[in-house]
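Got a structure for you, questions after.
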Amino acid sequence: MSYLINNDLIWISIPKCASISIEDALIKSKLNIKEHSDIKKITGKIANGTNGIPLENFIGHIHVKKSKLFEEFGKKETVCIKRDWFDRWISALQFFFDISIDLHGNEPILPFEDIDNEFIYKYFGKEFSDILYSDDYDGCLKIYQSLFKNINVQLDGTLSIFPSQNYWKENENCTYEFDINEIDKFVDFIENRYGEKIIIEKFNQNKKKESKIIKNNELKNFIWKNYEERFVKKNNII
């Protein structure tokens with residue numbers, strides 16, 4: 001989820017960028033943490049039960065775009081964790097299947113271990129990304145149904161992990177950004193700014209599974225074209 005820290009700094013939560021671990025540390029700290037109101041709406045909706053499947057560990061973890069955060073908290077400085085865009089997308093793909101299977105018991109049309117490049121090209125191309133970026137619920141539901149042959153939970157929000165990091169930041173850098181491989185610098189930043197040393201434990205880490213995916217330039221270009229290229233700022237000569 002995304003927070004306002006000490007009424008001073010907005011944490012922008014980006015999927016697959018250590019967000020659960022960092023948010024756990026922020027909540028457990030002595031910092032004044034204010035949740036975005038969307039968390040209450042989502043929690044209230046899911047807490048009533050979703051086909052009897054417990055979602056206690058996930059109901060509070062949502063992601064909110066920068067403009068909505070500004071609407072609620074005001075325009076303040078922002079901070080986030082960033083990650084290599086290609087590594088993040090591949091990690092998101094495995095996480096999507098892991099959560100859908102392990103948490104909901106949904107049966108995919110193909111196990112992650114058997115997914116190859118051709119599967120990605122077929123199911124995760126332009127149509128998939130256009131629907132994600134349009135916030136089309138019915139379209140997302142159709143996508144979800146196409147990837148699973150046995151579904152207990154129709155749609156659980158995990159598709160939100162696929163859009164670019166720039167989607168959540170709305171194509172602007174945060175005031176402060178830290179690479180996922182240097183989270184210690186984020187910890188130091190919080191301590192220097194607020195005098196509070198947060199303790200980040202590792203949660204929700206994908207244990208990398210073997211698959212038939214070949215990480216070559218063709219695949220990298222495919223992911224770039226469908227998920228990242230639209231956020232490249234182009235200089236228009238007048």
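Read-outs: derived from the displayed coordinates by stated rules, not from any lab. This one's a predicted model, so the numbers in the text were calculated from it and none came from an experiment. Here the Cβ is made from the backbone with ideal geometry for all residues, glycine too, and neighbour counts use every protein chain on show.
Neighbouring Cβ atoms within 10 Å as the yardstick, rank Asp102, Asp116 fewest first.
Working: Asp102 9, Asp116 13.
Least crowded to most crowded, the residues run Asp102, Asp116.
Under 13 Å from the Cβ of Ser134, count the other residues' Cβ atoms, weight Lys and Arg +1, Asp and Glu -1, and hand me the total. List each step's numbers first, then the result.
Details: positive: Lys126, Lys142, Arg230; negative: Glu127, Asp130, Asp135, Asp136, Asp138.
Every neighbour counted, the sum reads -2.
So, counting K/R as plus one and D/E as minus one, what does the shell of residues with Cβ under 15 Å around Ile10 add up to? Kindly include the intermediate steps, with their values, before the conclusion.
Values: positive: Lys34, Lys65, Lys66, Lys68, Lys75, Lys76, Lys169, Arg193; negative: Asp8, Glu23, Glu35, Asp38, Glu71, Glu72, Glu77, Glu170, Glu172, Glu177.
After counting each charged neighbour, the total is -2.
I would also like to ask the following. Let me know the charge dipole size of region 3-231 about its Cα centre in debye, to the nearest 20, where only the beta-carbon of Lys, Arg (+1) and Asp, Glu (-1) is charged. Walk me through the numbers before you get to the answer.
Working: 32 positive and 38 negative charges, 43 e Å.
Computed about the Cα centre, the dipole is about 200 debye.
Hey, another quick one. Determine how many Å³ per residue the convex hull of the Cα atoms of region 3-231 encloses.
Working: hull volume 28.5 nm³, N = 229.
Convex hull volume per residue, Cα atoms: 125 Å³.
Pop a pseudo-label 7 angstrom from the Cα along the beta-carbon direction at both Ser37 and Asp116 and give the gap in nm to one decimal.
Roughly 5.1 nm, to one decimal.
Once the piece of chain linking Asp184 and Ile213 is laid out straight, how much longer is it, given 0.36 nm per residue of separation minus the C-alpha distance between them?
Values: separation 29, 0.36 × 29 = 10.44 nm, distance 3.14 nm.
Result: 7.3 nm gained on full extension.
Among the GluC sites (Glu not before Pro) in region 78-186, which ones are in a DSSP loop with at most 12 other Cβ atoms within 10 Å of the Cβ? Mind listing them?
Details: sites: Glu113, Glu118, Glu127, Glu170, Glu172, Glu177, Glu182; in loops: Glu170, Glu172.
Listed in order of number, the matching sites are Glu172.
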